[in-house]
Structure formats: C-alpha cells, structure tokens
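What follows is a single structure, written as structure tokens, with notes after it.
The values are calculated or read from the model by the stated rules, or taken from the named source; none is laboratory data. Since this is a predicted model, take the numbers as computed values, not measurements. Cβ: placed from backbone, ideal geometry, glycine included. Neighbour counts: every protein chain shown.
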Amino acid sequence: MRYKLRTSLALTCVALAGILMAGCGKEEPAPGGTSTPVATPAATGPITIGYSDWPGWTCWDIAEKQGFFKKEGVDVKLVWFANYTDSLNAFAAKQVDANCQTWGDTMGPLAAGQDAKVVIVNDNSAGNDAMVAKAGINSVKDLKGKTVATELGTVDHFLMLKALEANGMKESDVKYVNIKVQDCPAAMIGGKIDACVVWEPNKSQLLDKMKGAHVIFDSKSIPGLIPDLLVFQGPVVASRKADVQKIVNAWYDTMAWWRANPDEAVKIMAARTGSPVTFYKGFIMGTRIFDGPEALGAFTKSTKVTSLYTSGQSVAEFLVAAKQIPKVPDFESALDMSFTKAAVDAGLGKQPPYDYKLKVD
C-alpha cells in the first residue's frame, strides 16, 4: 500500500523547498500516473486541503463523498499526496491552503517563520507506532547493549527515546542505528538488528513476516505525544474565517456519519489507499480519533500529556536536540481553538467514531 512517511527528518529542507517551489507549481500524483498542478492559496474559490494516508485524514474522503462540504456551504478541493513529505513541502511552499500533518512536522515551518494555524486536532496515534523486538527480547530493558534501529529525527525516533526514558535508560544504553523506517523490517528479518521502531504498515508487515517478532512498547504508552492535525496557512484563516468554520463543522459531520456507518466508512478510507479493508480496520483502531471535547482539551494549556502545549514543547525540544530545527518555535501562537469551540458550542462533535477503551488525560 501507499504509506505515510511521518517524518520530521525532512524539515531541515522544508523551508528551502518552499523557496525553490514557490514559483514552479508543485504537482499532485493522480490515478493512472498522470498529474495535475496544485493551486496556490487564494482569497476566493476552493479551499485546498492536502492529505495523505492516515485514518484521521483519509476520512476527509467521507466528507466529500457524503456531501458534508456542500451541506456546510463551503467549496473545498481535497489534494491527495501519495507521499506525505510532498504534502509538507507543498504546505511550506504555500501551494495548499491547509494540510493534514503531525504536530512535530509543523514545528519546522513555524521555526522557519511561517504563519500557520492549527484548527483541528484529528487524532492521536494509539498503537500504530511501535517498538518491535525479536524473540527472546521481552521488554525495553532487555534492549541494553542491543542494536535498535529507526529513522533519525522521526516521530518514531522520538518514540524510541520515550520508551527508553520510561525504563530508566537513554540512547547510549543501546546501539542505535539510523535506518529509514520502511527499511527496518528487512533489516530485522535479515538479522542485522535486534529491534526497531516503526509505524504502520511496516509494523504489521514485520509482525506478519518474522516469526517471534512482537511489540514491547507502542504509542498507546505515550498518549498525546503524536498528535495529527489540520493546519492552515495563517493568512487564509485571517481572511476566510467563515469558510474555515464550515470546514471544521464538516469534520464533525463526518465523525457523526462515521460512527453511524462504521463499515461503509472503512471501505471509503481503504479504497483511497488501495488497502484491504481488514488491514485498514486495524489501522483505524491504532488511531484514537478525537471527539469535540477531547479536541478542546488538547487545545487547552495544561501539564497533561495530551495538551498540544505539553506535547509541543516536548517534540520541539527533541527536534532541536536532533538538529532538525534550529530553535523551539513560538508554537503556542499557532494554536487556534476557536473553530473547534464554536462547533462544540453548536452541538457538534459529541462522540468519536468508536467508544475507545483507552482513556487519555
């Protein structure tokens, strides 16, 4: 399947990419190998939203197919990116009005001075990012002196450090190897490493292909630290507040329809990526989609791990230490909860698509 490169490693190049791409029209891969130009942000006309393969984002196809944008009275053009990093570059180059991206991947543009606003907290990773070990390694502590691989600067490098920290260890206690996440399963199956930290679909591929491979730590253990968002260009939010509000309302319309039609919803999302429905069901259950009150909680400044203020500081400091961004940006000014609050005040977003067993604070 086409998978999402959920990486912050590319952020050192994002600002430069934005400059290089600003006048040359990024192209969006389309079915059949053709391409269409991605429009530059406009004060009028369709609002363009970039999205890629993640359950909290492919559900925008539900909004389009079920007519929720039309219901809310807003003209939206969804721009699909088979490669997530391309969507980051398009956003940095201001070639889309908004993009679906992680909180960590929003730090690069903010550190480069880009005006960006977070208007929706879609979800948190809740198991889709995982540390997988070979047979005989039964805990994170068993990794001392062992070879552990993941991609430098990515959210899963961050997950690895958090797993070690939770067990009183640091990176120097293991033999860390920088390997691209999609290459980790082959390295582990080939006996080159003892464990790796990967995201879906690499996690499922490794567990399926390697006998004895098992998860010893995953993103369920660090709820809130890998949030997925809808991020707008700041000037678009300033000039088109009413349209942004309608898009947020359409998001919560989608959540209500998804809850009422779970099987049909999964089929729509799986079809976008060409994935088996059975796989996408598992993919979805490793993603905690937020209802309105949970999203408001994430937007609220607190010491809770699910607060974007807390996770923002943590991931920004990680990226600085990994030399992926030069400084901790003023990420607080990028958080705009007003649209989610208005939707909740209007009675939207009362329930998530599922009654998740995992509780978050």
Can you tell me which of (1) among the aliphatic types (A, V, I, L, M); (2) over 19 Å from Ser311 (Cα atoms); (3) out of contact with any Ser or Thr (no Cβ under 9 Å at 6 or more places or on another chain) is the one Leu161 doesn't meet? (2)
Go through the residues of the stretch 148-163 one by one and say whether even a single one is buried (at least 23 other Cβ atoms within 10 Å of the Cβ), touching a residue at least 40 places away in the same chain (Cβ under 8 Å) and more than 30 Å from Asp330 (Cβ to Cβ). yes
Only one residue in Gln95, Gln114, Gln101 is buried (at least 24 other Cβ atoms within 10 Å of the Cβ) and farther than 26 Å from Cys196 by Cα, so which one is that? Gln95
Does any residue of the stretch 258-280 turn out to be over 16 Å from Asp61 (Cβ atoms) and among the hydroxyl-bearing types (Ser, Thr, Tyr)? yes
Those residues of the stretch 174-226 which are surrounded by 17 or more Cβ atoms within 10 Å (Cβ to Cβ) and acidic (Asp, Glu), in sequence order: Asp194, Glu200, Asp218
Thr300, sole failed condition from (1) surrounded by fewer than 16 Cβ atoms within 10 Å (Cβ to Cβ); (2) of a type in the set (S, T, N, Q); (3) within 23 Å of Asp243 (Cα to Cα): (3)
Per the filter on the stretch 225-251, residues within 18 Å of the chain's Cα centre (by Cα) and farther than 30 Å from Gly136 by Cα are Pro227, Asp228, Leu229, Leu230, Val231, Phe232, Gln233, Val248, Trp251
From the list Glu294, Glu317, pick out the single residue that is among the acidic types (Asp, Glu) and closer than 21 Å to Pro109 by Cβ. Glu317
Of Gly153, Gly113, Gly136, which residue is of a type outside the set (Ser, Thr, Tyr) and at pLDDT below 95? Gly153
Residue pairs within 8 Å by beta carbon, gap of at least six or interchain, first lying in the stretch 333-346 and modelled with pLDDT of 95 or more, second surrounded by fewer than 19 Cβ atoms within 10 Å (Cβ to Cβ) and not in a helix (DSSP H, G or I), listed first then second, are Met337/Thr300
May I ask you to say which residue of Val320, Val315, Val305 is out of contact with any strand residue (DSSP E or B) (no Cβ under 8 Å at 6 or more places or on another chain) and crowded, with 23+ Cβ neighbours inside 10 Å? Val315
Against the conditions (1) exposed (fewer than 14 other Cβ atoms within 10 Å of the Cβ); (2) assigned to a strand (DSSP E or B), where does Arg288 fall short? Just the number, please. (1)
Suppose we filter Ala163, Ala195 for residues that are farther than 17 Å from Asn124 by Cβ and among the aliphatic types (A, V, I, L, M); which single one remains? Ala195
What's the number of the only condition in (1) at pLDDT below 95; (2) out of contact with any Lys or Arg (no Cβ under 8 Å at 6 or more places or on another chain); (3) surrounded by fewer than 22 Cβ atoms within 10 Å (Cβ to Cβ) that Lys70 fails to meet? (1)
